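Engineer: Attaching a single structure in structure tokens format; questions to follow.
The values are calculated or read from the model by the stated rules, or taken from the named source; none is laboratory data. If you're wondering where the values come from, they're calculated on a predicted model, not measured in any experiment. Heads up, the Cβs are rebuilt from the backbone with ideal geometry, glycines too, and the neighbour counts pull from every protein chain shown.
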Amino acid sequence: MSSLPSETLALARTLPLKPAPVTLTGRFIRLEPLTPRHAPALFAHSNGAAIELAGRTVPAYDADEVIWQYLFAGPFADFTAFSRYIDETIAGADRLALCVIERESEQPVGVVNLMSNVPAFLRIELGGIWYSPIVQRTQANLEGAYLMLRHCFALGYRRIEWKCDSRNERSRRSALRIGFTFEGVQEYHMIVKGQSRDTAWFRMLDHEWPAAKTRLETMLYGRC
């Protein structure tokens, strides 16, 4: 082990358990603190009904398969249940829940979280991430991750984690595309929705961020 600089140790003592509210603005999306007022639009974008947004359409879809299958909650039978999920997400003691706003339409299209925060170790996770099918396979997820990574490393975090059900190939591919390093699978890690979950772990460290930042900006904005 090696000793850490005094300023790093000071951050570990002072960063809050619940990350401070922040709005992060990119070219394609904006992340803003999640509130109950976002719930109606988010429910409409995640309940399996057909979606129309800014001239684009998505036909009716299987909400569990497309969004909720590997998450801790959902799908939701009605808006009351969904609204309860939003309230509980906002209230998390060690997380900051953020609503994804598509800038073209100025409409809520997903939720992301800075979560499982351990400020004493300068460690935090990007998780609880879901996007409406209207913006899946666009730059939204990549830019959302970029904005959160940039914010967390600027705050002084040393390690940022990404975890997912080991069967969630889409999330695993996304983590690698963003620039996370695969660390392995923790077997029997959780029980989720009555099923045993093995969890795939990914991480990015502070000294890896400069190269990852350049790569992500090139992918997003076409510049080095």
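Engineer: Which residue pairs have Cβ atoms closer than 9 Å, lie 6 or more positions apart in sequence or on different chains, and pair a first residue in region 56-79 that is under 14 Å from residue 131 (Cβ atoms) with a second residue that is aromatic (Phe, Trp, Tyr) and assigned to a helix (DSSP H, G or I)?
Structural biologist: 74/68; 74/82; 74/85
Engineer: Of the numbered conditions (1) part of a loop (DSSP other than H, G, I, E, B); (2) touching a strand residue (DSSP E or B) at 6+ places or on another chain (Cβ under 6 Å), residue 167 fails exactly one; give the number of that condition.
Structural biologist: (2)
Engineer: Criterion first (modelled with pLDDT of 95 or more and part of a loop (DSSP other than H, G, I, E, B)) does residue 157 satisfy it?
Structural biologist: Answer is yes for this residue.
Engineer: For region 62-81, which residues satisfy the criterion of being crowded, with 17+ Cβ neighbours inside 10 Å, more than 15 Å from the chain's Cα centre (by Cα) and not hydrophobic (A, V, I, L, M, F, W, C)?
Structural biologist: 74, 75
Engineer: Residue check: is residue 120 farther than 21 Å from residue 34 by Cβ, touching a Gly at 6+ places or on another chain (Cβ under 6 Å) and assigned to a helix (DSSP H, G or I)?
Structural biologist: Judged against the criteria, residue 120 is not a match.
Engineer: Sort out which residues of region 82-111 are more than 14 Å from residue 138 (Cβ to Cβ), small (Gly, Ala, Ser) and either crowded, with 18+ Cβ neighbours inside 10 Å or under 13 Å from the mean Cα position of the chain (by Cα) (or both), and write them in order of number.
Structural biologist: Going residue by residue through region 82-111, those that are more than 14 Å from residue 138 (Cβ to Cβ) are 82-99, 106, 108, 111.
Keeping just the survivors that are small (Gly, Ala, Ser) gives 83, 91-93, 97.
Once the filter is applied, which keeps residues that are more than 14 Å from residue 138 (Cβ to Cβ), small (Gly, Ala, Ser) and either crowded, with 18+ Cβ neighbours inside 10 Å or under 13 Å from the mean Cα position of the chain (by Cα) (or both), region 82-111 yields only 97.
Engineer: Does residue 169 meet the test of being at pLDDT 95 or above, among the acidic types (Asp, Glu), within 22 Å of residue 111 (Cα to Cα) and surrounded by fewer than 14 Cβ atoms within 10 Å (Cβ to Cβ)?
Structural biologist: Spelling it out, residue 169 is indeed at pLDDT 95 or above, among the acidic types (Asp, Glu), within 22 Å of residue 111 (Cα to Cα) and surrounded by fewer than 14 Cβ atoms within 10 Å (Cβ to Cβ).
Engineer: Take residue 120 and tell me if it is free of Cβ contacts under 8 Å to residues at least 60 places away in the same chain and surrounded by fewer than 21 Cβ atoms within 10 Å (Cβ to Cβ). Full working, then the answer.
Structural biologist: Values: free of Cβ contacts under 8 Å to residues at least 60 places away in the same chain: no; surrounded by fewer than 21 Cβ atoms within 10 Å (Cβ to Cβ): yes.
The answer is no for residue 120.
Engineer: Based on what the data block shows, is residue 187 out of contact with any strand residue (DSSP E or B) (no Cβ under 9 Å at 6 or more places or on another chain) and either in a strand (DSSP E or B) or under 25 Å from residue 102 (Cβ atoms) (or both)?
Structural biologist: Working: out of contact with any strand residue (DSSP E or B) (no Cβ under 9 Å at 6 or more places or on another chain): no; either in a strand (DSSP E or B) or under 25 Å from residue 102 (Cβ atoms) (or both): yes.
No: the conditions fail for residue 187.
Engineer: For region 48-67, which positions are of a type in the set (A, V, I, L, M, F, W, C) and touching a Pro at 6+ places or on another chain (Cβ under 9 Å)?
Structural biologist: Going residue by residue through region 48-67, those that are of a type in the set (A, V, I, L, M, F, W, C) are 49-51, 53-54, 58, 60, 63, 66-67.
Of everything in region 48-67, those that are of a type in the set (A, V, I, L, M, F, W, C) and touching a Pro at 6+ places or on another chain (Cβ under 9 Å) turn out to be 50, 51, 58, 63, 66, 67.
Engineer: Something else now. Within region 124-132, is there a residue that is part of a strand (DSSP E or B) and more than 24 Å from residue 17 (Cα to Cα)?
Structural biologist: yes
Engineer: Right, here's the next one. Examine region 135-150 for a residue that is surrounded by 21 or more Cβ atoms within 10 Å (Cβ to Cβ), at pLDDT 95 or above and under 19 Å from residue 40 (Cα atoms), and state whether such a residue exists.
Structural biologist: Yes: one or more hits.
Engineer: So, one more: Please name all residue pairs, on different chains or six or more residues apart, with Cβ atoms under 9 Å, provided the first residue is in region 169-185 and is under 14 Å from residue 125 (Cβ atoms) and touching a residue at least 60 places away in the same chain (Cβ under 8 Å) and the second residue is β-branched (Val, Ile, Thr) and surrounded by 13 or more Cβ atoms within 10 Å (Cβ to Cβ).
Structural biologist: 171/129
Engineer: Now for a separate question. In region 13-41, which residues are surrounded by fewer than 18 Cβ atoms within 10 Å (Cβ to Cβ) and assigned to a helix (DSSP H, G or I)?
Structural biologist: Scanning region 13-41 gives 13, 14, 36, 37, 40, 41.
Engineer: Next up: Look through region 42-62, keep the residues that are touching a Ser or Thr at 6+ places or on another chain (Cβ under 6 Å) and part of a loop (DSSP other than H, G, I, E, B), and return whichever of them is modelled with the lowest pLDDT. Explain how you work it out, then say what you get.
Structural biologist: Taking region 42-62 as the starting set, the residues that turn out to be touching a Ser or Thr at 6+ places or on another chain (Cβ under 6 Å) are 45, 53-54.
Among the residues that remain, those that are also part of a loop (DSSP other than H, G, I, E, B) are: 45, 54.
Numbers: 45: 98, 54: 91.
Going through the qualifying residues, I end up with 54.
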